[in-house]
1. Could you please give the count of residues in the range 16-36 that are of a type outside the set (A, V, I, L, M) and surrounded by 12 or more Cβ atoms within 10 Å (Cβ to Cβ)?
2. Return only the number of the condition from (1) in a helix (DSSP H, G or I); (2) more than 29 Å from Leu127 (Cβ to Cβ) that Gly45 does not satisfy.
3. May I ask you to list pairs of residues, at least six apart or on different chains, whose Cβ atoms are under 8 Å apart, with the first in the range 16-41 being polar (S, T, N, Q) and the second being open to solvent by less than 70 Å² (accessible area, probe 1.4 Å) and part of a helix (DSSP H, G or I)?
4. Exactly one of (1) touching a residue at least 12 places away in the same chain (Cβ under 8 Å); (2) open to solvent by 60 Å² or more (accessible area, probe 1.4 Å); (3) not aliphatic (A, V, I, L, M) is unmet by His54. Its number?
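The values are calculated or read from the model by the stated rules, or taken from the named source; none is laboratory data. Remember, it's a predicted structure, so these values are computed and weren't measured experimentally. Virtual Cβ from ideal backbone geometry, glycine too; neighbours counted across all protein chains shown. What goes into the accessible areas is simple: the full protein's heavy atoms, side chains included, and nothing from ligands, DNA or RNA. Shrake-Rupley method; radii C 1.70, N 1.55, O 1.52, S 1.80 Å.
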Amino acid sequence: MSIARSIFTNLKGDRTIWAIVGILAIFSILAVYSIAGSIAYSGSGSFELHMFKHTFIMVLGLGVMYIASKVEYINYSILAPFLLGIAILLLVYTLGFGTEINDAQRWITVPGLGLTFQTSDFAKLALI
């Protein structure tokens with residue numbers, strides 16, 4: 001318990017948001033744990049693969065969130081035009097070469113990792 005308390009006291013920013021993110025992360029692990037066996041049984045990889053993939057993405061996201069919280073918000077205005085340009089290029093790429101999932105071509109597959117993401121979500125962040 002002292003490790004969790006130490007982490008919680010050293011976090012900067014709104015602790016309520018950090019607590020909510022932590023609770024949602026725990027619930028997401030429970031949700032993936034409950035469905036991963038069924039997905040593995042259907043032949044879409046092993047149970048451990050799904051748990052590892054979800055945990056990896058979650059830890060990566062928490063790390064990006066932590067790093068983003070350490071950057072002064074004024075610095076994001078410098079990055080905004082560059083990120084908007086990347087978002088436009090990704091949206092055009094998705095229009096022509098996107099991965100079709102559920103009869104919609106709005107995803108990009110990350111080469112080598114097998115992960116997909118929607119470029120519209122990146123565009124939303126770039127616009128903010």
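1. 4
2. (1)
3. Ser28/His54; Ser28/Met58
4. Exception for His54: condition (2).
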